[in-house]
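Asks: There's a structure below that I have some questions on.
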Amino acid sequence: MEPEERTARRTRRRFARRQWARRWLSLRKVLALLVVLALLGTSIYLVLFSTVLQVKKVQVVGNDLLSDARVREIADVPLGDQLALVDLARADSRVGSLAEVRSVDVTRTWPDAVRIEVVERTAVAVVEIAGRLRGLDAEGVVFRQYDAAPKGMPRIRPGGAAGTDALKEAATVVSALPQDLVTRVDHVEVATVDQITLVLRDRRRVLWGSAEESGLKAQVIDRLLAAEQAQVYDVSVPGNPTVR
């Protein structure tokens, strides 16, 4: 074989290898794209159509006053719907509208559950409304019913002029009291938002005024009750308390 012919053959082989390398590079790109599309299609199918990722259960945690069944009923999360498409905001809003619920967090728990975490309100006092004894939380929200007032929990007695704002002020006052003082309060008389009076179990009275500076007022009355024997204590101006 002549040298020229051998050179030509080597040139053709190199050219063929380069051509194949270019084709393989293009083919690899096509294969990679096909793999990505296949994975994407599989993911879309699993998330939107597959029974694997459908809602099979609704978990309720943190509830005591409310039953699991009641929370599930209000949340209205359809079993069998695709988990990815569940309207969490709607369920959150519905459960959050319950008077017993202070806050709620609704989340997806993959692969097949919705989790509803509830924080319920805690009563700090009771108030009689329309002949029923109801719980009042620290934010002044009326939310539950009692057959009898729990031991050690003060009762709010609103006057004829006391509205929702006055109840909220009274709840703020009670929330500011230390526990040992709470147990000594028989009831809280609420005439208006700035005319609140604590009546102790021994019938002594504490003129509180409004809920402003309730933390300071609680400290002042705690010291006054220990230091002074009187029938009426006025801490409406905590910087200048009086007794009589």
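Asks: Looking only at residues in the range 48-68 that are over 20 Å from Arg144 (Cα atoms) and not in a strand (DSSP E or B), which one is modelled with the lowest pLDDT?
Replies: Among those that are over 20 Å from Arg144 (Cα atoms) and not in a strand (DSSP E or B), it is Phe49.
Asks: Moving to a separate point now. Got a sec? Which strands (runs of 3 or more DSSP E) wholly within the range 69-155 have at least 1 residues that are touching an Asp or Glu at 6+ places or on another chain (Cβ under 7 Å)?
Replies: Because the criterion is at least 1 residues that are touching an Asp or Glu at 6+ places or on another chain (Cβ under 7 Å), the strands (runs of 3 or more DSSP E) in the range 69-155 that meet it are 101-109, 113-120, 123-129, 142-146.
Asks: Shifting gears a bit: Being touching a residue at least 24 places away in the same chain (Cβ under 8 Å), under 29 Å from Glu120 (Cα atoms), open to solvent by 60 Å² or more (accessible area, probe 1.4 Å) and in contact with a Ser or Thr (Cβ under 8 Å, 6 or more places away or on another chain) narrows it down to one of Val193, Val173, Val188, so name that one.
Replies: Only one candidate qualifies: Val193.
Asks: Tell me, yes or no, whether the range 101-116 has at least one residue that is out of contact with any Gly (no Cβ under 6 Å at 6 or more places or on another chain), over 30 Å from Thr183 (Cα atoms), free of Cβ contacts under 8 Å to residues at least 40 places away in the same chain and not charged (D, E, K, R).
Replies: Scanning the range 101-116, I find at least one residue that is out of contact with any Gly (no Cβ under 6 Å at 6 or more places or on another chain), over 30 Å from Thr183 (Cα atoms), free of Cβ contacts under 8 Å to residues at least 40 places away in the same chain and not charged (D, E, K, R), so the answer is yes.
Asks: Follow-up question, since we're still on this one. Identify the single condition in (1) outside any strand (DSSP E or B); (2) touching a residue at least 24 places away in the same chain (Cβ under 8 Å) that Tyr233 does not satisfy, given that it satisfies every other one.
Replies: (1)
Asks: Ile129 fails exactly one of the following numbered conditions: (1) within 24 Å of the chain's Cα centre (by Cα); (2) open to solvent by 30 Å² or more (accessible area, probe 1.4 Å); (3) among the aliphatic types (A, V, I, L, M). What is the number of that condition?
Replies: If we test Ile129 against (1) within 24 Å of the chain's Cα centre (by Cα); (2) open to solvent by 30 Å² or more (accessible area, probe 1.4 Å); (3) among the aliphatic types (A, V, I, L, M), just (1) comes out false.
Asks: In the range 156-165, which residues are assigned to a strand (DSSP E or B) and open to solvent by 20 Å² or more (accessible area, probe 1.4 Å)?
Replies: Arg157, Pro158
Asks: Need the failing condition index for Ser214 against (1) open to solvent by less than 20 Å² (accessible area, probe 1.4 Å); (2) out of contact with any strand residue (DSSP E or B) (no Cβ under 8 Å at 6 or more places or on another chain); (3) of a type in the set (S, T, N, Q), just the number.
Replies: Ser214 satisfies all of (1) open to solvent by less than 20 Å² (accessible area, probe 1.4 Å); (2) out of contact with any strand residue (DSSP E or B) (no Cβ under 8 Å at 6 or more places or on another chain); (3) of a type in the set (S, T, N, Q) except (2).
The values are calculated or read from the model by the stated rules, or taken from the named source; none is laboratory data. Being a predicted model, the structure only gives us computed values, none of them experimental. All Cβ positions, glycine included, derive from the backbone under ideal geometry; neighbour counts span all protein chains shown. For accessibility, only protein heavy atoms count, side chains too; no ligands or nucleic acids. Shrake-Rupley method; radii C 1.70, N 1.55, O 1.52, S 1.80 Å.
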